[in-house]
Amino acid sequence: MSIKQNLDYIKSTLPEHVTLVAVSKTKPVSDLMEAYNAGQRIFGENKIQEMAEKHDSMPKDIEWHMIGHVQSNKVKYMASFVSLIHGVDNFKLLQEINKQAKKHDRIIKCLLQIKIASEDSKFGMTGFEASEIIKSKAFSELKNIQVVGVMGMATFTDDENQIKKEFSLLKTTFDGLKSIETCIFKPETISMGMSGDYALAIDCGSTMIRVGSTIFGERNYL
Ligand SMILES: *Cc1c(COP(=O)(O)O)cnc(C)c1O
């Protein structure tokens with residue numbers, strides 16, 4: 001199956017309210033261009049440097065999503081072009097994104113990463129921590145960011161029941177936060193679901209899925 005065929009198939013199964021992020025990390029620009037020529041405009045990368053290089057060499061109507069863990073000192077390398085940062089897991093990082101966005105006279109959209117997995121290796125905050133941030137005065141002063149929802153990663157397991165529980169927790173967390181809408185918090189997006197579990201994620205309320213290997217094939221890590 002070609003990249004175009006994979007994309008067409010996935011898109012044919014998606015409800016209209018679900019956005020597909022094509023996760024292109026480690027893949028060459030030629031693969032991304034194949035997806036681009038098949039109509040895909042949203043790409044997700046997990047390394048800022050790699051995303052910036054691909055951004056430089058590809059058409060400018062692409063929306064670039066940062067889906068990996070972000071280090072504060074690297075925000076500046078993507079602030080001029082990134083569309084959505086999925087994995088924001090602390091307030092300091094929001095402040096840094098705000099500062100860098102301001103330099104470019106932009107508003108950068110972010111998602112708060114909520115820890116839903118039982119594994120220690122996964123980043124994220126609790127729903128309570130997220131609500132404390134959103135309600136704080138310091139947050140209300142960050143005029144160059146907009147938090148548009150939440151993101152989560154389920155435990156790496158074959159146990160579908162556990163994954164379902166974790167996705168449902170993210171949906172419940174999102175619904176709880178929704179009631180505290182502010183100028184800077186505009187909850188509309190729940191980013192959950194990857195190649196192995198996106199159908200389940202959609203059943204549990206996902207509005208944005210991040211799919212890599214099902215589109216581009218397995219990744220070879222060196
Ligand atoms: C790599 C990655 C994905 C995509 O994973 P696949 O299993 O290849 O679909 C999704 N989300 C995040 C945060 C990732 O790092």
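The values are calculated or read from the model by the stated rules, or taken from the named source; none is laboratory data. Predicted, not measured: the structure shown is a model, and the values here were computed from it. Heads up, the Cβs are rebuilt from the backbone with ideal geometry, glycines too, and the neighbour counts pull from every protein chain shown. Side chains are part of the model used for accessible areas, which takes the heavy atoms of the whole protein and leaves out ligands, DNA and RNA. Shrake-Rupley method; radii C 1.70, N 1.55, O 1.52, S 1.80 Å.
Let me spell out the model: positive unit charges on the Cβ of Lys and Arg, negative unit charges on the Cβ of Asp and Glu, origin at the Cα centre of the chain. What dipole size does that give, in debye rounded to 20? Before the final figure, lay out each step's value.
Numbers: 28 positive and 28 negative charges, 173 e Å.
Charge dipole, the chain, about its Cα centre: 840 debye, nearest 20.
Please work out the C-alpha center-to-center distance from the stretch 15-91 to the stretch 135-174 and express it in whole Å.
Rounded to whole Å, the Cα centres lie 19 Å apart.
Not counting ligands, DNA or RNA, and with a 1.4 Å probe, what is residue 53's accessible surface area in Å² rounded to the nearest 10?
Number for this one is 110 Å².
Within the stretch 130-204, report the trypsin sites (Lys or Arg not before Pro) that DSSP leaves as loop and that have at most 12 other Cβ atoms within 10 Å.
Those satisfying the criteria are 143.
Non-local amide H neighbours of residue 108 (under 5 Å, H modeled in plane, Pro and chain starts lacking H): which ones?
The list, which skips near neighbours in sequence, is 145, 146.
So which of 135/171; 135/186; 47/143; 4/164; 25/99; 122/165 end up more than 21 Å apart, counting from Cα to Cα? If you can, show how the numbers build up before the last one.
Values: 135/171 19 Å; 135/186 13 Å; 47/143 26 Å; 4/164 29 Å; 25/99 26 Å; 122/165 16 Å.
Listed pairs above 21 Å: 47/143; 4/164; 25/99.
Projecting each Cα onto the charge dipole of the chain (Lys/Arg +1, Asp/Glu -1 at the beta carbon, about the Cα centre), which of 101, 220, 14 comes out farthest on the positive side?
101
Any chance you could run the full-extension gain for residue 120 through residue 5? It's 0.36 nm times the residue separation minus the Cα-Cα distance, nm to one decimal. Write down the numbers at each step before the final one.
On the way: separation 115, 0.36 × 115 = 41.40 nm, distance 3.65 nm.
Working it through step by step, the gained length comes to 37.8 nm.
Within the stretch 104-128, whose backbone N sits under 13 Å from a point 7 Å along Cα→Cβ of residue 160?
Backbone N within reach: none found.
For the chain, what does the accessible surface come to per residue with a 1.4 Å probe? Please give it in Å².
49 Å²
I need to check one value: relative contact order of the stretch 60-161, counting alpha carbon pairs closer than 8 Å and at least 6 residues apart, in percent. It would help to have the intermediate numbers written out before the result.
Numbers: 162 pairs, mean separation 27.6, N = 102.
Rounded, it is 27 percent for the stretch 60-161.
Going from most exposed to least, what order do 175, 120, 197 have by accessible area with a 1.4 Å probe? Write out the running numbers ahead of the final one.
Details: 175 65, 120 145, 197 30 Å².
Reading off the accessible areas and sorting them downward yields 120, 175, 197.
Quantify, in whole percent, the carbon and sulfur part of the accessible surface of the stretch 3-216 (1.4 Å probe; protein heavy atoms only). Spell out each step's value before the answer.
On the way: 5040 of 9990 Å².
The C+S portion of the solvent-accessible surface of the stretch 3-216 is 50 percent.
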